[in-house]
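These notes concern the structure reproduced below.
Any read-out appearing in this document is the output of simple, stated calculations on the displayed coordinates, not a laboratory observation. Being a predicted model, the structure only gives us computed values, none of them experimental. Here the Cβ positions follow ideal geometry from the backbone for every residue, glycine too, while neighbour counts run over all protein chains shown.
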Amino acid sequence: MVQTPYIEFKSVTFSYTKQEILHNISFAVREGEFVCIIGGSGSGKTTLLKLISGQIFPKIGEILIKGKSITDFSKQELYEHRKNMGYLFQQGALFTDLNVYDNVAFPIREHTSLSEKDIENMVNNKLLSVDLVGTEKLYPAELSGGMVKRVALARATALNPSLLLYDEPFAGLDPITLVKIATLIGKANQDINATSIMVTHNIKESLPLADKVILLADKSIIFDGTPDSFVKNKNKIVQEFLQAASISFQLNEGS
Ligand SMILES: Nc1ncnc2c1ncn2[C@@H]1O[C@H](COP(=O)(O)OP(=O)(O)O)[C@@H](O)[C@H]1O
Ligand SMILES: [Mg+2]
C-alpha cells in the first residue's frame with residue numbers, strides 16, 4: 001500500500017501581489033523523510049515554508065497535510081498541525097527579551113500545561129543536546145551567531161515535533177560553526193525521528209543530511225530526486241548550483 005505523504009503540494013501557484021512567486025509546484029514529502037529545498041535568494045523558499053505551516057494559503061492548487069487540504073482545516077486542526085511542527089526561523093529569531101531558558105521553554109508553555117518541574121527537565125535535556133548547558137540565564141544579545149542557532153534548534157525541537165521546518169539554518173555562520181550546526185541538525189532529526197524540510201542555498205552542508213533534494217528556480221521545480229542523482233544531474237541550473245558550491249564530480253564517468 002502506498003503511504004499517504006505527510007506533505008503534498010498539488011499544482012500550487014502562489015502570489016502575494018500580481019507577480020507569481022511559485023508556479024504549478026508539485027512535490028511530496030513522506031513521513032520520516034529529510035528533504036532539502038535548494039533555491040537562490042528570492043526564489044520563494046521562505047514562502048514555501050509559510051505555505052506548509054499554514055501562515056499563508058495557496059490561491060491555485062492544493063496543499064495536503066496527511067491527505068487533507070490545509071485550506072479545509074478547522075482552527076483546531078491548524079493549531080494541532082502547528083503544535084506538531086518545529087520551525088527554525090531564518091536568523092534564529094529568538095525572543096530578545098527572554099533568556100535562553102525561557103526561549104526554549106516558550107513552546108512547551110504555549111502548547112502544554114506541564115508543571116515547571118517537567119518543563120525544566122525538558123529544557124535541560126534540549127540544552128544538553130545542543131551543548132548549551134550553563135547558558136540558561138544569558139540573553140540573545142549576549143550569544144554568538146552559532147549559539148543563537150543552537151538555542152533556536154533547541155526551541156524548535158522542544159516538543160519533539162513530528163515535522164521540522166528549517167529556514168536557512170546555515171546563513172551567516174563561519175565554516176566551522178556551520179559544520180557543527182549541520183551535525184546537530186542531523187542528530188536532532190534522528191533523536192526525535194521527525195519529518196524534516198530544510199530550505200537553503202548551502203548545498204554542501206545539506207546534501208549529506210538529505211534523503212531527497214528539490215531545486216527551486218524560475219518559480220518551478222527544476223529537480224526532485226536523491227542527493228546522488230542531484231550531483232550527477234546535467235541540467236544547467238543544477239550544474240550552476242553545484243559549481244557555486246565547488247562540488248565537482250566526475251560527471252562524464254561512465255556516461
Ligand atoms: N509578504 C510579502 N509580500 C509581497 N511580496 C513578498 C512577501 N514576502 C516575500 N515576497 C516576495 O516573494 C519572493 C520570494 O520571497 P521568499 O519566499 O522570501 O524568498 P527566499 O526565502 O527564497 O529568499 C521575493 O521576490 C519577495 O520579495
Ligand atoms: Mg528566505
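Over all Cα atoms in region 8-152, the spread is summed up by Rg and Dmax: 17.9, 51 Å.
What size of dipole, in debye to the nearest 20, comes out for the chain about its Cα centre when the only charges are +1 on Lys and Arg C-beta atoms and -1 on Asp and Glu C-beta atoms? Before the final figure, lay out each step's value.
Numbers: 26 positive and 28 negative charges, 86 e Å.
That gives a dipole near 420 debye.
Near LEU216, once Lys and Arg are set to +1 and Asp and Glu to -1 for all other residues with Cβ below 12 Å from its Cβ, the sum equals 0. Report, in whole Å, the centroid distance computed from the Cα atoms of region 163-191 and region 32-48. Taking the Cα centre of each part, region 163-191 and region 32-48 sit 15 Å apart. Computed from point charges on the beta carbon alone (+1 for Lys and Arg, -1 for Asp and Glu), the dipole magnitude for region 1-114 about its Cα centre is near 220 Debye.
Taking the Cβ of PRO169 as the center, what net charge do the other residues with Cβ under 11 Å away carry, scoring Lys and Arg +1 and Asp and Glu -1? List each step's numbers first, then the result.
Working: positive: LYS149, ARG150; negative: ASP167, GLU168, GLU205.
With Lys, Arg at +1 and Asp, Glu at -1, the neighbours total -1.
What you get for region 190-240, charging only the Cβ of Lys and Arg (+1) and of Asp and Glu (-1), is a dipole of about 240 debye around the Cα centre. Based on alpha-carbon atoms, the Kirkwood radius and the radius of gyration of the chain give Rg/Rh equal to 0.98.
For the pairs LYS45/LYS204; LYS149/LYS219; LYS59/LYS83; LYS18/LYS59; LYS50/LYS187, flag any whose C-alpha to C-alpha distance is greater than 20 Å. The pairs that break the limit, which is 20 Å between Cα atoms, are LYS149/LYS219; LYS59/LYS83; LYS50/LYS187.
Can you tally the net charge around GLN19? Count Lys and Arg as +1, Asp and Glu as -1, for every other residue whose Cβ sits under 14 Å from the Cβ of GLN19. Display every interim value, and only then the final one.
Working: positive: LYS18, LYS59, LYS219; negative: GLU20, ASP218.
That works out to +1.
Listed by Cβ neighbour count within 10 Å, with the fewest neighbours leading, ARG30, ARG109 appear as ARG109, ARG30. Between helix 175-192 and the chain there is an angle of about 80 degrees, using the helix long axis and the longest principal axis of the Cα atoms. With the highest mean first, a sort of the peptides 225-236, 124-135 on other beta-carbon atoms found within 10 angstrom per residue produces 124-135, 225-236.
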